[in-house]
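Single-structure report; data block below.
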Amino acid sequence: MTRRRSGPRAVPRLQMNPDLFSCPEVSRCGVEAFGIWVQMLLWAAGWDTTVVPAILLAHVVLDHDRHLKALETVGFIRRKRDDILVLSPPIGGRGKPAWTVVRNRTHIHPTVRAAVLARDGHRCVLCPATNDLTLDHIHPWSKGGADTLDNLRTLCRSCNSAKRDRTDGP
């Protein structure tokens, strides 16, 4: 029996936009609220989501409602019922997001790898090759694609290299 992992996939880190601290929204929401936003981003990134259950903050942050209102006013979050949608709004003149989540790469689970290879008949789905096979993310991992059966396919190294990180064909 295979146990499903109940925790986050990998510990993420955030890459900061250099224009962030000169952004007026940061000073308007306050340092405490900004710190809470960063913690929410890290939590959401660790679980591969953009939604944080509001109940998490209620147990950890005193006066969390005031901070959430400040973050919502400047556009860093949006509330939906009992959940908080964590946003990374564009900052500065270049319109880049405030933070970029950098996920640490983990290996594709051997069970998933075996299932994808078996499903695709142990051959490249784009050419007849049966040797030097790799798994390809249809929606690239570097752009948020998951290690799931419906997002993986078998490609030979040549076809996978030609595709790189595009979502279209090779």
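Read the figures in this text as sums done on the coordinates, not as results from a lab. Bear in mind that the values here come from a model prediction, so they are computed numbers and not experimental data. All Cβ positions, glycine included, derive from the backbone under ideal geometry; neighbour counts span all protein chains shown.
Assign unit charges at the C-beta atoms only (+1 for Lys and Arg, -1 for Asp and Glu), then state the dipole size of the range 110-163 relative to its Cα centre in Debye, rounded to the nearest 20.
80
Taking amide H as placed 1.01 Å from N in the peptide plane, the amide H of residue 134 sits under 5 Å from that of 155, 156, 157, each at least 5 places away or on another chain.
With a sphere of radius 12 Å drawn around the Cβ of residue 33, what net charge do the other residues whose Cβ falls strictly inside it have (Lys, Arg +1; Asp, Glu -1)? Within the 12 Å Cβ shell, the charges total -2.
Inter-label distance, residue 66 to residue 139: 3.9 nm, where each label sits 7 Å from its Cα along the C-beta direction. Label residue 117 and residue 54 with points 7 Å out from Cα along Cα→Cβ: what is the distance between them in nm? Each label point lies 7 Å from its Cα, and together they span 4.8 nm. Taking amide H positions as modeled 1.01 Å from N, with prolines and chain starts lacking one, the residues under 5 Å from residue 83 and 5 or more places away or on another chain are 54. Residues whose amide H lies under 5 Å from that of residue 96, counting only those 5 or more places away or on a different chain, are 91; hydrogens are built 1.01 Å from N in the peptide plane.
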